[in-house]
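J.: Okay, here's the structure, questions in a sec.
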Amino acid sequence: MTHKVVHLSTVHTTFDIRIFHKECCSLANAGYETVFVTPHPADETVHNVRIRAVPSPKNRLQRMFITTFLVFRAALRESAALYQFHDPELLPIGILLSLMGRKVIYDVHEDVPNQILDKSWLHPWLRRPAAWLAHLFEWVGQSFFDAIVAATPAIATRFIGGKTTLVQNFPLRGELETPDSPPQSSRNRQVVFAGGITDIRGGREMVAAMEKVPDSYNAVLKLAGLIYPQSLEASMRTQPGWSKVEFLGWQSRTQLAGLLASSRAGLVLFHPARNHLNAQPNKLFEYMSAGLPLIASDFPLWREIVGKVDAGLLVDPLDPDGIAEAICWIFEHPDEADAMGHRGRQAVAEMYNWDSEFKKLHGLYQRLLL
């Protein structure tokens, strides 16, 4: 018997790495009829996943109210065996589906209360009450759901242990590997950041660090992703270091693999915000899977992941001088950088890969759908 399963999101992009490429595609390959209800231009089927489109919202308020209702209506029309939702603003929808007798999983990507405490668009006086309400809503909501899926160990500790399955955001094995990638000594002196570029993810510091890298290196920072908000992009373009930046915009997975194979190091310079300290960014492991040494924020958890296998350099993400020194060290020590990249790739092959995580998700589905 083929079970229909539906994933729901109003916040994430259609081809989000965790939701679409890892979870939905893996479930489809395992034989589930898999549907993803999300804002998208039109209905279509990609990699055996049927995308059920709803109109894209024009602003945050429209997304939270109108788009949420449209996603709920589309979800009901699918009449699935199991629903998995990915955004805290869909908690009411998850509760309604549960009250209607449907099996429901809440997939928690972020530590939402801590994330709210760092929201720049929310007035400082409102952040703590909003964070407390988010914590309360998640805590109460979990009693309605059949299971919680947590993206990190820190998130998992916030929920009922017997209901919670840890499914970490590790990379697809081999997806970003390029077997014939040249050694460090043969590559251009370029470093890369791939993903959403924001102030709190080190957008300004990366550009400031490039200003401090000596001109004699002819170094380039390649930014692969979109910059949020537009005002940040305008501000970054005024920094002197922008002359050493190549802004590529969004890149396909194939393009990203080629970009990583031609770079000397991958940057992950998140600020020490509450939600970042125990986060496990996808890009941290993707760089490692591509054999690319890391220049990453010196957080205790990241020190454990990166330092344990000596896969890169750890720096103060708020110190452009220290970041520039790390970039120069990578350029000046190509053999050591190659060895770091090799150790990172081995760690992904042995420990930090999606194969092991999907086994846990698949096992949860099998238990819920017995």
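The values are calculated or read from the model by the stated rules, or taken from the named source; none is laboratory data. Predicted, not measured: the structure shown is a model, and the values here were computed from it. Cβ sites come from the backbone with ideal geometry, for glycine too, and all protein chains shown count toward neighbours.
J.: Tell me yes or no: at least one residue of segment 121-141 is touching a strand residue (DSSP E or B) at 6+ places or on another chain (Cβ under 8 Å) and of a type outside the set (Val, Ile, Thr).
T.: yes
J.: Could you give me the residue pairs with C-beta distances under 8 Å whose first residue belongs to segment 305-322 and is over 18 Å from PRO334 (Cα atoms), whose second residue is charged (D, E, K, R) and assigned to a loop (DSSP other than H, G, I, E, B) wherever it lies, and which are 6+ apart or on separate chains?
T.: The qualifying pairs are VAL315/ASP298; ASP316/ASP298; PRO317/ASP298; GLY322/ASP316.
Yes/no matrix, rows are residues, columns are (1) closer than 26 Å to TYR32 by Cα; (2) within 25 Å of the chain's Cα centre (by Cα); (3) assigned by TED's automatic domain parsing to the domain that holds LEU361; (4) aromatic (Phe, Trp, Tyr):
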| site | (1), (2), (3), (4) |
| --- | --- |
| PHE72 | yes, yes, yes, yes |
| LYS103 | yes, no, yes, no |
| ASN114 | no, yes, yes, no |
| ASP118 | no, yes, yes, no |
| HIS123 | no, no, yes, no |
| GLY141 | no, yes, yes, no |
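J.: Still on this structure, I have one more. Would you mind finding the one in ALA273, ALA296 that is surrounded by fewer than 17 Cβ atoms within 10 Å (Cβ to Cβ), within 19 Å of the chain's Cα centre (by Cα) and closer than 16 Å to GLY203 by Cα?
T.: Going through ALA273, ALA296 in turn, the sole match is ALA273.
J.: Would you confirm whether or not segment 20-33 contains a residue that is acidic (Asp, Glu) and surrounded by 14 or more Cβ atoms within 10 Å (Cβ to Cβ)?
T.: yes
J.: Looking only at segment 143-171, count every residue that is among the hydroxyl-bearing types (Ser, Thr, Tyr) and under 15 Å from the mean Cα position of the chain (by Cα) and tell me the total.
T.: Residues that pass the stated criteria total 1.
J.: Considering only residues that are of a type outside the set (Gly, Ala, Ser) and either under 30 Å from PRO240 (Cα atoms) or surrounded by 23 or more Cβ atoms within 10 Å (Cβ to Cβ) (or both), which ones fall in segment 168-197?
T.: Across segment 168-197, the qualifying residues are PHE170, PRO171, LEU176, GLN184, ARG187, ASN188, ARG189, GLN190, VAL191, VAL192, PHE193, ILE197.
J.: Among the candidates GLY203, GLY174, single out the residue that is small (Gly, Ala, Ser), farther than 30 Å from TYR365 by Cα and within 20 Å of the chain's Cα centre (by Cα).
T.: GLY203
J.: Restricting to segment 76-101, what's the tally of residues that are over 25 Å from the mean Cα position of the chain (by Cα), more than 14 Å from GLY141 (Cα to Cα) and either buried (at least 19 other Cβ atoms within 10 Å of the Cβ) or of a type in the set (Phe, Trp, Tyr) (or both)?
T.: Looking only at that region, the number is 1.
J.: Something else now. So, in segment 211-232, how many residues would count as being at negative phi and touching a residue at least 24 places away in the same chain (Cβ under 8 Å)?
T.: Residues flagged as at negative phi and touching a residue at least 24 places away in the same chain (Cβ under 8 Å) within segment 211-232 amount to 15.
J.: Return the total of residues in segment 198-228 being within 12 Å of LEU269 (Cα to Cα), surrounded by 22 or more Cβ atoms within 10 Å (Cβ to Cβ) and either modelled with pLDDT under 95 or of a type in the set (A, V, I, L, M, F, W, C) (or both).
T.: The total comes to 3.
J.: I would also like to ask the following. For ARG102, indicate whether it is touching a strand residue (DSSP E or B) at 6+ places or on another chain (Cβ under 9 Å) and more than 25 Å from GLY195 (Cβ to Cβ).
T.: The answer is yes for ARG102.
J.: Of all residues in segment 187-222, which are assigned to a helix (DSSP H, G or I) and of a type outside the set (Phe, Trp, Tyr)?
T.: GLY203, ARG204, GLU205, MET206, VAL207, ALA208, ALA209, MET210, GLU211, LYS212, ASP215, SER216
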